[in-house]
Amino acid sequence: MIRLDFTIPFLLLSFANCASDDGTNGDGGGTDAKSDGDKLSDAATDAATDSKPDGMSGNAAPVNLATAGGYVMLAKSGVSNVPTSAITGNVAVSPAAASYLTGFSLTADATNVFSTSPQVTGKLFASDYAAPTPSNLTTAIGDMQLAFTDAAGRAPNVTELGAGSIGGMTLNRGVYQWGTGLLIATNLTLSGAAGDVWIFQVAQDLTVSSGTQIILSGGALAKNVFWQVAGTVALDTTVQFEGTVLCQTAIALKTGASIHGRLLSQTAISIDGSTVVGL
(Lines give C-alpha, C1' and ligand atoms only; values in the text may rest on other atoms or scores of the structure.)
Protein backbone atom coordinates (compact mmCIF):
# COMPACT_ATOMS: atom_id res chain seq x y z
CA MET A 1 0.00 0.00 0.00
CA ILE A 2 1.29 3.50 -0.91
CA ARG A 3 0.67 6.29 1.66
CA LEU A 4 1.07 9.84 0.30
CA ASP A 5 -1.68 11.64 2.21
CA PHE A 6 0.55 12.93 5.06
CA THR A 7 4.01 12.79 3.54
CA ILE A 8 3.52 15.24 0.67
CA PRO A 9 1.93 18.06 2.77
CA PHE A 10 4.70 17.60 5.35
CA LEU A 11 7.40 18.04 2.69
CA LEU A 12 5.71 21.11 1.26
CA LEU A 13 5.40 22.66 4.71
CA SER A 14 9.07 21.98 5.49
CA PHE A 15 10.18 23.55 2.22
CA ALA A 16 8.10 26.64 2.91
CA ASN A 17 9.57 27.01 6.39
CA CYS A 18 13.11 26.73 5.06
CA ALA A 19 12.48 29.41 2.47
CA SER A 20 11.04 31.69 5.15
CA ASP A 21 13.91 31.12 7.60
CA ASP A 22 16.54 31.84 4.91
CA GLY A 23 15.49 35.44 4.49
CA THR A 24 13.34 36.54 7.44
CA ASN A 25 12.44 35.56 10.97
CA GLY A 26 9.45 33.37 11.53
CA ASP A 27 7.07 36.20 12.45
CA GLY A 28 7.73 38.32 9.36
CA GLY A 29 9.99 40.85 11.19
CA GLY A 30 13.43 42.14 10.06
CA THR A 31 16.02 40.05 8.28
CA ASP A 32 17.85 37.58 10.53
CA ALA A 33 20.25 36.11 7.97
CA LYS A 34 21.92 37.26 4.74
CA SER A 35 22.06 35.49 1.44
CA ASP A 36 25.27 33.83 0.33
CA GLY A 37 25.81 36.69 -2.12
CA ASP A 38 25.46 39.27 0.65
CA LYS A 39 27.91 37.37 2.84
CA LEU A 40 30.49 37.24 0.06
CA SER A 41 30.04 40.95 -0.56
CA ASP A 42 30.56 41.72 3.15
CA ALA A 43 33.63 39.50 3.28
CA ALA A 44 35.16 41.35 0.35
CA THR A 45 34.41 44.68 2.03
CA ASP A 46 35.97 43.50 5.30
CA ALA A 47 39.07 42.27 3.51
CA ALA A 48 39.49 45.60 1.76
CA THR A 49 39.01 47.45 5.03
CA ASP A 50 41.46 45.26 6.94
CA SER A 51 44.17 45.20 4.30
CA LYS A 52 47.18 47.49 4.86
CA PRO A 53 49.66 49.10 2.50
CA ASP A 54 53.06 47.41 2.42
CA GLY A 55 54.54 49.91 4.85
CA MET A 56 51.91 49.05 7.47
CA SER A 57 52.48 45.29 7.53
CA GLY A 58 54.02 45.65 10.99
CA ASN A 59 54.98 48.37 13.43
CA ALA A 60 58.73 48.52 14.06
CA ALA A 61 60.14 49.25 17.51
CA PRO A 62 61.74 52.69 17.85
CA VAL A 63 65.50 52.83 17.39
CA ASN A 64 67.21 52.87 20.79
CA LEU A 65 69.44 55.95 20.90
CA ALA A 66 70.48 55.39 24.51
CA THR A 67 72.65 58.29 25.72
CA ALA A 68 72.96 59.72 22.20
CA GLY A 69 69.33 60.75 22.59
CA GLY A 70 70.43 63.37 25.11
CA TYR A 71 71.82 65.58 22.32
CA VAL A 72 70.05 67.53 19.62
CA MET A 73 73.32 67.70 17.64
CA LEU A 74 76.13 65.18 18.08
CA ALA A 75 79.13 64.82 15.77
CA LYS A 76 82.55 63.24 15.80
CA SER A 77 84.61 65.80 13.85
CA GLY A 78 82.85 69.14 14.32
CA VAL A 79 79.73 71.30 14.38
CA SER A 80 79.88 74.58 12.45
CA ASN A 81 77.30 77.33 12.54
CA VAL A 82 76.66 80.44 10.47
CA PRO A 83 74.85 82.83 12.87
CA THR A 84 72.26 83.44 13.76
CA SER A 85 70.76 80.04 14.51
CA ALA A 86 68.34 78.95 17.23
CA ILE A 87 69.06 75.58 18.83
CA THR A 88 67.06 73.97 21.61
CA GLY A 89 68.92 71.08 23.22
CA ASN A 90 72.47 69.99 23.93
CA VAL A 91 75.26 70.06 21.32
CA ALA A 92 78.42 67.96 21.45
CA VAL A 93 81.55 66.92 19.55
CA SER A 94 83.85 63.99 20.28
CA PRO A 95 86.65 63.05 19.82
CA ALA A 96 86.96 66.57 18.36
CA ALA A 97 87.85 69.37 20.76
CA ALA A 98 85.85 72.50 21.59
CA SER A 99 87.71 74.42 18.87
CA TYR A 100 85.59 72.43 16.38
CA LEU A 101 82.40 74.00 17.74
CA THR A 102 82.52 77.06 15.50
CA GLY A 103 80.21 80.04 15.08
CA PHE A 104 78.67 79.77 18.54
CA SER A 105 80.55 82.42 20.57
CA LEU A 106 81.17 79.94 23.36
CA THR A 107 81.37 80.88 27.01
CA ALA A 108 82.97 78.25 29.22
CA ASP A 109 81.18 77.37 32.42
CA ALA A 110 83.17 77.85 35.64
CA THR A 111 83.37 74.07 36.02
CA ASN A 112 84.73 73.70 32.47
CA VAL A 113 82.40 70.72 32.09
CA PHE A 114 80.39 72.52 29.39
CA SER A 115 80.00 75.84 27.65
CA THR A 116 77.06 78.01 26.65
CA SER A 117 76.09 80.08 23.63
CA PRO A 118 73.51 82.83 23.02
CA GLN A 119 72.25 80.72 20.09
CA VAL A 120 71.75 77.56 22.14
CA THR A 121 69.09 76.86 24.75
CA GLY A 122 71.07 74.06 26.31
CA LYS A 123 74.72 73.16 26.86
CA LEU A 124 77.64 72.52 24.54
CA PHE A 125 80.14 69.74 25.25
CA ALA A 126 83.48 68.69 23.79
CA SER A 127 86.01 65.96 24.44
CA ASP A 128 88.57 68.33 25.98
CA TYR A 129 86.23 69.64 28.67
CA ALA A 130 86.55 68.56 32.31
CA ALA A 131 85.35 65.19 33.62
CA PRO A 132 82.90 63.56 33.36
CA THR A 133 82.32 65.07 29.90
CA PRO A 134 84.98 63.09 27.97
CA SER A 135 83.75 59.70 29.15
CA ASN A 136 80.11 60.70 28.72
CA LEU A 137 80.77 61.71 25.12
CA THR A 138 82.67 58.52 24.36
CA THR A 139 79.62 56.58 25.49
CA ALA A 140 77.24 58.80 23.49
CA ILE A 141 79.28 58.41 20.30
CA GLY A 142 79.30 54.65 20.77
CA ASP A 143 75.52 54.68 21.30
CA MET A 144 75.06 56.78 18.17
CA GLN A 145 76.96 54.25 16.10
CA LEU A 146 75.03 51.35 17.62
CA ALA A 147 71.77 53.13 16.80
CA PHE A 148 72.90 53.58 13.19
CA THR A 149 73.65 49.85 12.95
CA ASP A 150 70.32 48.99 14.58
CA ALA A 151 68.35 51.14 12.13
CA ALA A 152 70.28 49.80 9.15
CA GLY A 153 69.62 46.21 10.18
CA ARG A 154 65.83 46.38 10.37
CA ALA A 155 64.01 44.19 7.85
CA PRO A 156 62.30 46.46 5.28
CA ASN A 157 58.59 46.41 4.55
CA VAL A 158 58.99 48.43 1.36
CA THR A 159 61.99 48.67 -0.98
CA GLU A 160 62.88 51.18 -3.70
CA LEU A 161 59.64 53.13 -3.33
CA GLY A 162 59.25 55.75 -6.07
CA ALA A 163 62.63 54.74 -7.51
CA GLY A 164 64.23 56.98 -4.88
CA SER A 165 61.94 60.01 -5.24
CA ILE A 166 59.05 60.23 -2.76
CA GLY A 167 57.96 63.87 -2.79
CA GLY A 168 54.19 64.31 -2.70
CA MET A 169 53.52 60.89 -1.15
CA THR A 170 51.71 59.96 2.04
CA LEU A 171 53.43 57.12 3.86
CA ASN A 172 52.10 54.91 6.63
CA ARG A 173 54.32 53.42 9.32
CA GLY A 174 56.99 50.94 8.28
CA VAL A 175 60.61 50.34 7.35
CA TYR A 176 61.46 51.78 3.91
CA GLN A 177 64.69 50.93 2.14
CA TRP A 178 66.57 52.32 -0.87
CA GLY A 179 69.77 50.94 -2.36
CA THR A 180 70.39 54.34 -3.95
CA GLY A 181 70.01 57.95 -2.86
CA LEU A 182 66.70 59.43 -1.77
CA LEU A 183 65.20 62.69 -3.05
CA ILE A 184 62.30 64.51 -1.39
CA ALA A 185 61.51 67.31 -3.82
CA THR A 186 58.04 68.26 -2.55
CA ASN A 187 56.13 67.86 0.70
CA LEU A 188 56.07 64.37 2.23
CA THR A 189 53.34 63.32 4.68
CA LEU A 190 53.79 60.65 7.34
CA SER A 191 50.35 59.56 8.48
CA GLY A 192 49.76 57.40 11.52
CA ALA A 193 49.07 57.16 15.22
CA ALA A 194 51.25 58.34 18.09
CA GLY A 195 52.82 54.90 18.53
CA ASP A 196 53.64 54.32 14.86
CA VAL A 197 57.29 54.16 13.78
CA TRP A 198 58.98 55.08 10.49
CA ILE A 199 62.53 53.99 9.62
CA PHE A 200 64.06 55.16 6.34
CA GLN A 201 67.18 53.29 5.23
CA VAL A 202 69.14 55.17 2.54
CA ALA A 203 72.27 53.59 1.05
CA GLN A 204 73.53 56.82 -0.51
CA ASP A 205 72.62 60.52 -0.05
CA LEU A 206 69.43 62.08 1.28
CA THR A 207 68.50 65.35 -0.44
CA VAL A 208 65.53 67.50 0.55
CA SER A 209 64.70 70.31 -1.86
CA SER A 210 64.21 73.95 -0.91
CA GLY A 211 60.93 74.77 0.82
CA THR A 212 59.92 71.14 1.31
CA GLN A 213 58.12 70.09 4.48
CA ILE A 214 57.87 66.74 6.25
CA ILE A 215 54.29 66.76 7.51
CA LEU A 216 53.14 64.59 10.41
CA SER A 217 49.43 63.75 10.45
CA GLY A 218 46.99 61.62 12.41
CA GLY A 219 48.98 61.87 15.64
CA ALA A 220 52.37 60.80 14.23
CA LEU A 221 55.31 61.97 16.36
CA ALA A 222 58.77 63.14 15.31
CA LYS A 223 60.38 61.02 18.05
CA ASN A 224 59.30 57.90 16.14
CA VAL A 225 60.80 58.90 12.78
CA PHE A 226 64.35 57.77 11.96
CA TRP A 227 66.45 58.55 8.87
CA GLN A 228 69.41 56.19 8.58
CA VAL A 229 71.65 57.55 5.81
CA ALA A 230 74.98 56.08 4.70
CA GLY A 231 75.86 59.08 2.51
CA THR A 232 75.42 62.79 3.14
CA VAL A 233 72.27 64.59 4.26
CA ALA A 234 71.45 67.94 2.65
CA LEU A 235 68.43 69.96 3.79
CA ASP A 236 68.10 72.86 1.36
CA THR A 237 66.93 76.38 2.19
CA THR A 238 63.79 76.74 4.35
CA VAL A 239 63.21 72.99 4.57
CA GLN A 240 61.08 71.94 7.55
CA PHE A 241 62.18 68.47 8.62
CA GLU A 242 61.02 65.97 11.24
CA GLY A 243 62.74 63.09 13.02
CA THR A 244 66.15 61.79 14.04
CA VAL A 245 68.87 61.79 11.39
CA LEU A 246 71.47 59.03 11.84
CA CYS A 247 74.12 59.85 9.27
CA GLN A 248 77.34 58.00 8.56
CA THR A 249 78.91 61.05 6.93
CA ALA A 250 78.05 64.77 6.89
CA ILE A 251 74.82 66.65 7.60
CA ALA A 252 74.22 70.13 6.18
CA LEU A 253 71.31 72.49 6.83
CA LYS A 254 71.27 75.40 4.41
CA THR A 255 69.99 78.91 5.12
CA GLY A 256 66.74 78.92 7.06
CA ALA A 257 66.32 75.14 7.18
CA SER A 258 64.81 73.72 10.35
CA ILE A 259 64.38 70.37 12.04
CA HIS A 260 62.28 69.09 14.90
CA GLY A 261 64.33 66.10 15.95
CA ARG A 262 68.04 65.31 16.18
CA LEU A 263 71.14 65.53 14.00
CA LEU A 264 73.55 62.67 14.80
CA SER A 265 76.56 62.49 12.49
CA GLN A 266 79.57 60.21 12.40
CA THR A 267 81.55 63.05 10.78
CA ALA A 268 80.45 66.71 10.80
CA ILE A 269 77.34 68.91 10.98
CA SER A 270 76.96 72.36 9.46
CA ILE A 271 74.01 74.74 9.89
CA ASP A 272 73.30 78.18 8.46
CA GLY A 273 70.84 80.44 10.22
CA SER A 274 68.92 77.29 11.10
CA THR A 275 66.39 76.26 13.72
CA VAL A 276 67.05 72.96 15.48
CA VAL A 277 64.56 71.89 18.14
CA GLY A 278 65.15 68.70 20.10
CA LEU A 279 62.58 66.12 21.10
When restricted to Thr24, Thr31, Thr49, the only residue open to solvent by 70 Å² or more (accessible area, probe 1.4 Å), modelled with pLDDT under 50 and touching a Ser or Thr at 6+ places or on another chain (Cβ under 8 Å) is Thr31
Condition check for Ala151: open to solvent by less than 30 Å² (accessible area, probe 1.4 Å), farther than 18 Å from Val79 by Cα and either modelled with pLDDT of 95 or more or of a type in the set (Phe, Trp, Tyr) (or both): yes
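Residue-wise test of (1) in a loop (DSSP other than H, G, I, E, B); (2) among the aliphatic types (A, V, I, L, M); (3) free of Cβ contacts under 8 Å to residues at least 40 places away in the same chain.
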{"site": "Ser135", "(1), (2), (3)": "no, no, yes"}
{"site": "Thr139", "(1), (2), (3)": "no, no, no"}
{"site": "Gly142", "(1), (2), (3)": "no, no, yes"}
{"site": "Gln145", "(1), (2), (3)": "no, no, no"}
{"site": "Phe148", "(1), (2), (3)": "no, no, no"}
{"site": "Tyr176", "(1), (2), (3)": "no, no, no"}
{"site": "Thr180", "(1), (2), (3)": "yes, no, yes"}
{"site": "Leu183", "(1), (2), (3)": "no, yes, yes"}
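Matching residues to (1) under 19 Å from Gly168 (Cα atoms); (2) assigned to a strand (DSSP E or B); (3) modelled with pLDDT under 95:
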site	(1), (2), (3)
Thr189	yes, yes, no
Ala193	no, no, no
Ile215	yes, yes, no
Lys223	no, no, no
Trp227	yes, yes, no
Gly261	no, yes, no
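Considering only the range 196-213, state which residues are open to solvent by less than 20 Å² (accessible area, probe 1.4 Å) and in a strand (DSSP E or B).
We begin by selecting, within the range 196-213, every residue open to solvent by less than 20 Å² (accessible area, probe 1.4 Å); these are 196-202, 206, 208, 212.
Matches in the range 196-213: Trp198, Ile199, Phe200, Gln201, Val202, Leu206, Val208.
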The correct count of residues that are over 13 Å from Thr249 (Cα atoms) and crowded, with 24+ Cβ neighbours inside 10 Å in the range 228-238 is 1
Residues of the range 217-260 being of a type in the set (Gly, Ala, Ser) and over 18 Å from Leu65 (Cα atoms), in sequence order, are Ser217, Gly218, Gly219, Ala220, Gly231, Ala234, Ala250, Ala252, Gly256, Ala257, Ser258
Expected output for the range 107-126 (first residue in a strand (DSSP E or B), partner open to solvent by 60 Å² or more (accessible area, probe 1.4 Å) and charged (D, E, K, R), Cβ below 8 Å, 6+ apart or cross-chain) is Ser115/Lys123; Thr116/Lys123
Taking the range 215-226 and keeping residues under 23 Å from Gly256 (Cβ atoms) and surrounded by 24 or more Cβ atoms within 10 Å (Cβ to Cβ) leaves Val225
If we keep only residues of the range 239-256 that are of a type outside the set (Val, Ile, Thr) and part of a strand (DSSP E or B), then the residue surrounded by the most Cβ atoms within 10 Å (Cβ to Cβ) is Leu246
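On the basis of being open to solvent by 10 Å² or more (accessible area, probe 1.4 Å) and over 17 Å from Gln201 (Cβ atoms), does Leu263 make the cut? Show your work before the answer.
Working: open to solvent by 10 Å² or more (accessible area, probe 1.4 Å): no; over 17 Å from Gln201 (Cβ atoms): yes.
When the stated conditions are applied, Leu263 does not pass them.
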Note on Thr88: of the conditions (1) open to solvent by less than 50 Å² (accessible area, probe 1.4 Å); (2) closer than 23 Å to Phe226 by Cβ, unmet is (1)
Looking at the range 169-182, can you tell me whether even one residue there is of a type outside the set (Val, Ile, Thr), over 17 Å from the mean Cα position of the chain (by Cα) and open to solvent by 40 Å² or more (accessible area, probe 1.4 Å)? yes
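The values are calculated or read from the model by the stated rules, or taken from the named source; none is laboratory data. Please read these numbers as outputs of a predicted model, since none were measured by experiment. Virtual Cβ from ideal backbone geometry, glycine too; neighbours counted across all protein chains shown. Just so you know, the surface numbers come from the protein's heavy atoms only, side chains and all, with ligands and any DNA or RNA stripped out. Shrake-Rupley method; radii C 1.70, N 1.55, O 1.52, S 1.80 Å.
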